Every structure is written in structure tokens, then in C-alpha cells.
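Asker: Please read through the structure below; I'll follow up with questions.
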Amino acid sequence: MSPNHSPKNSTSRILLASLAGTTIEFFDFYIYATAAVLVFPKLFFPSSDPTSATLQSLATFALAFFARPLGAALFGHFGDRKGRKATLVAALMTMGPSTVAIGLLPTYKSIGVLAPILLALFRFGQGLGLGGEWGGAVLLATENAPAGKKSWYGMFPQLGAPIGFSFSIGIFLILGKTLSDQQFLDYGWRIPFIASAILVWVGLYVRLKITETPDFIKIMEKNERVKVPVIDVFTKHARAISLGTAAAITTFLLFYLMTVFTLSWGTSVLGYPKTNFLIAQLISMLFFGLGIPLSAVLADRYGRGKILMVATGSIFLFGLVFSALFVPGNLGIIILFQALGMFLMGLTYGPMGTALAEIFPASVRYTGASLAFTLAGILGASLTPYLATTLAKSHGLPYVGYYLSIAAVITFVALVAARSSMREK
């Protein structure tokens, strides 16, 4: 059946397909983030200095963020040229096998330096897949959305982040409760990576049932496809890609401070038991999940630009009190700290996908939105755990908060400049 004769997607099918895929993708991505702190420094980067091993492990974590723009350009090209559906399936099939392969890798003890090299290679594959996944899922939702509900539809793929993260923490908590520390290091950490294969098949089943989006069908009918979308984005839409990237920087920085950095610092320096801290992070995911639909409703009512600026201003203030809340010896304060940070994350993350998509024309929207999002990932997240750890060790925790607040200023300025390109509702 040709794209211009495809039947209309049902609302439930659209939202399930956009949510299911990003849930799987983010589950895969986050189990690596957790393992990069708890497991990989011991198994893939042996060193007499634990801090050095952790930093090396976090460097491979950062690698995926540099792969994501390549994935955005690659999958964006086919998404804008061949269609959203097929490209979404291909992105899922890139990340899924990479994650399973990590779970099957021999350790440094078995194959020496080849182990961290292969780990880095498959981490790169994870980033490549996610670079193409996110933009397509957002477009699947927003390009099928009725008037006045674009933020609401666009927040469903965003919900995949807290759901996927909750699943990843949950499985590590279960393994921590049922296995000894030695069993976990020997084979337990591999289970979530290998089990993700089941989730990939579920995601494929859902996505193979969807049809093409109305916006892409119109592009086909009017013969408006761009020959090389990535070139068009940088030559004709340079302002949009620059402002979109800057507008998303704080979203990434906040998230990876509140997850990877706080887990590493909280367990290795502040002395919290791994299980207790993971529980605090799991509770915070509820607030992350709450903030996403709340911000979407507010964005459809009051305008995406306004809600994103309010969220960014709040994150600026949060950065100023970061060190006052991230303290040793008080799990209750840590839970409050995590919940507040992740609620603010939900407020900025909920409308972000819709806001980035709408500043680009449909002919380059897959490529443009994906590149803006993934370039923001490089600037706002790739080195965040590493830089935050370095700042905290050399200057103290307050400077980690200042780092966040400075990023919020940059994002706020970009949002003000980009508002004219955003539809307010």
C-alpha cells in the first residue's frame, strides 16, 4: 500500500507506538548508565585508583552522546526521505542488538584491552540508535495530533524516559536483593542487557502495525522531499538548529546530574548504600513522570515557550541550592532533593519534543529536531558526569550547582529568542 493511501492511525495505536519505542530505548540507555557507575569500573577498567576507573567508565558513557548526532543525521535522512515508520523500526533494531551485545561481552580479565574497546563500540551503537529513535517517535505523535493537543500527544514519547528509567532501576534493585555482590558482578549485571531483547521484539510488533503520518504523506503528494536534509538544515535553518540546541541543553544537564552524577557521588563519597540511593532515585521518577503530563497540559493552554521558560528559571534557582540539599547522612533530604530535581526535569522535558519539532518545516523535521536534541545532548550531558565529578572534587559541590545555573541562563536566552518560531498552543 502506498503512503498516500495508508489508512489513518488510531489514537491509541499512535500513542502506544511512540511510548513503547522510547521506553525500550531509554531502558537500554539507562541500564548502561547505572552499570557505568556500579559495575564497569571494576570489570572493564581495572585500576588501583577507583576514581580513575570510574572516570574511564563515565568516558564510555559519554561516547554515545557523540554518536547520537550521527544517528540523527543518518536516520533523519531516511525519515525525511522514506518515511517515519520504516526509519523508527530501523532505529530500534540498531540500538537493541547493541545493548544485548554489551550483556554478552567478556570482561577485561578474560580478553584484556579488547574488552573496553568492544564496550565502547557497542555503546556507540546505542547512541546511534537513540539518535534516530527520539525524533521519529516525537513526530509520530505530534504529526498525528489534533489542533490544540500537540504538546499532549508529544509528551507520550517523553514519558518513555521515566518509565524506561524506572524499569532499569527496578531490575537492578531486584538483582541487588536476590544476588550477592559477587554474583551480581559475576553475571547478574548482564541480565537486564540480555533481557532487553524481549522488549525490542515487543516494540517491533507495535511499530509494524502503524501507518505513515499525515504530514509525511502530504510531503510525498506535493513532491517536497529534500534531497539531502542534513545540508538543508544547516544551510537554510541554521538559526532554528542553533536555538533549538541551546534550548535543550539544560534539560540534558539536569537529568544526568540527577541520575548518573548523584548516584556516583552519593554512593562513593557521601556513603549512602547503593540500594537506598537507587530507591531514592526510583521515587524521584514518579515526580519526573508527574511533571511531564502536567507541563504538556499547561503548554497547550498557555504556550510552550512560556512553560519552558518558567521551568528553566526554576532550574536556575535549584542550581543555587544544589549543595544544600545534596547532603550526607539524611536519606529523607536526599529523597526530597531527587524528587524536586526530577519534577523540574519533567516540567522542562514534557513540551520539549513538541517545541523542537515545530520550529522546522515538515520536509526536514525529522533531521532538524533530532539533530537539535542530540547536539544538546553532547553539550549538556555527554561530559556532565565527568565534569561534575571533577568540579566537586576540585572546588566542592556548590560549583556543580553553579554549573547547572549557568546552563539554565543559556537555555533561557535561547528560549526567548526562539519563541517567535514556536506556536504558542
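Asker: Given a Förster distance of 60 Å, report the FRET efficiency between ARG239 and LYS393 from their Cβ-Cβ distance, rounded to the nearest 0.05.
Answerer: For ARG239 and LYS393, the calculated efficiency is 0.95.
Asker: Note down the relative contact order for the chain as a percent, whole number, built from C-alpha pairs under 8 angstrom at least six residues apart.
Answerer: 25 percent
Asker: Here's another thing I want to ask about it. Which value, in nm² and rounded to one decimal, describes the direction-averaged projected area of the C-alpha convex hull of region 95-158?
Answerer: Dividing the Cα hull surface by four gives the mean projection, 4.8 nm².
Asker: Return the tail of the calculated pair distribution for region 1-141, meaning the percent of Cα-Cα pairs more than 24 Å apart.
Answerer: Within region 1-141, distances greater than 24 Å cover 38 percent of Cα pairs.
Asker: Setting aside same-chain residues fewer than 8 positions from LYS274, which aspartates and glutamates have a Cα under 17 Å from its Cα?
Answerer: Straight-distance partners of LYS274: ASP181.
Asker: Using the count of nearby Cβ atoms within 10 Å as a rough guide to exposure, how do SER166, SER151, SER370 rank from fewest to most?
Answerer: SER166, SER151, SER370
Asker: So if R0 is 35 Å, what FRET efficiency would ILE198 and LEU286 give, r being the distance between their Cβ atoms, rounded to the nearest 0.05?
Answerer: In this case the efficiency is close to 0.90.
Asker: Which percent of the Cα-Cα distances in region 292-425 go past 23 Å?
Answerer: Across region 292-425, Cα pairs with separations above 23 Å total 39 percent.
Asker: Using Cα atoms only, what is the angle between the long axis of helix 304-320 and the major principal axis of the chain, expressed in degrees (0 to 90) to the nearest 10?
Answerer: Approximately 10 degrees, to the nearest 10.
Asker: What percent does the relative contact order of region 295-425 come to when contacts are Cα pairs within less than 8 Å and at least six residues apart?
Answerer: 47 percent
Asker: Is any residue of region 107-129 close enough, with backbone N under 19 Å, to a label point placed 7 angstrom from the Cα of ASP186 along the Cα-Cβ axis, and if so, which?
Answerer: It comes to 107-111, nothing else.
Asker: Separate question: Taking 2.2 N^0.38 Å as the expected size of a compact globular protein, what ratio does the Cα radius of gyration of region 36-105 give against it, to two decimals?
Answerer: 1.46
Asker: Calculate the FRET efficiency for LEU179 and ARG225 from the Cβ-Cβ distance with a Förster distance of 45 Å, rounded to the nearest 0.05.
Answerer: Taking R0 as 45 Å, the efficiency between LEU179 and ARG225 is 0.30.
Asker: Tell me the angle of helix 114-142 to the major Cα principal axis of the chain, expressed in degrees between 0 and 90 and rounded to the nearest ten.
Answerer: Orientation of helix 114-142: about 40 degrees from the principal axis.
Asker: Which of the lysines could a cross-linker span from LYS149 if the Cα-Cα distance has to be under 27 Å and same-chain partners fewer than 8 positions apart are dropped?
Answerer: LYS8, LYS82, LYS85, LYS209, LYS218, LYS222, LYS306, LYS425
Asker: If I compute Rg and Dmax of the Cα atoms in Å from the structure I just sent, which labelled value in (i) 27.2, 89; (ii) 20.5, 63; (iii) 32.4, 111 lines up?
Answerer: Correct label is (ii).
Asker: If each residue's Cβ is checked for other Cβ atoms within 10 Å, how do TRP152, TRP201 rank with the fewest at the top?
Answerer: Going from sparsest to densest Cβ surroundings: TRP201, TRP152.
Read-outs throughout are calculated quantities, based only on the coordinates presented, and are distinct from any laboratory measurement. Computed from a predicted model, the values in this text were never measured in an experiment. Methodologically, a virtual Cβ is constructed for each residue, glycine included, from the backbone with ideal geometry; neighbour enumeration extends over all protein chains shown.
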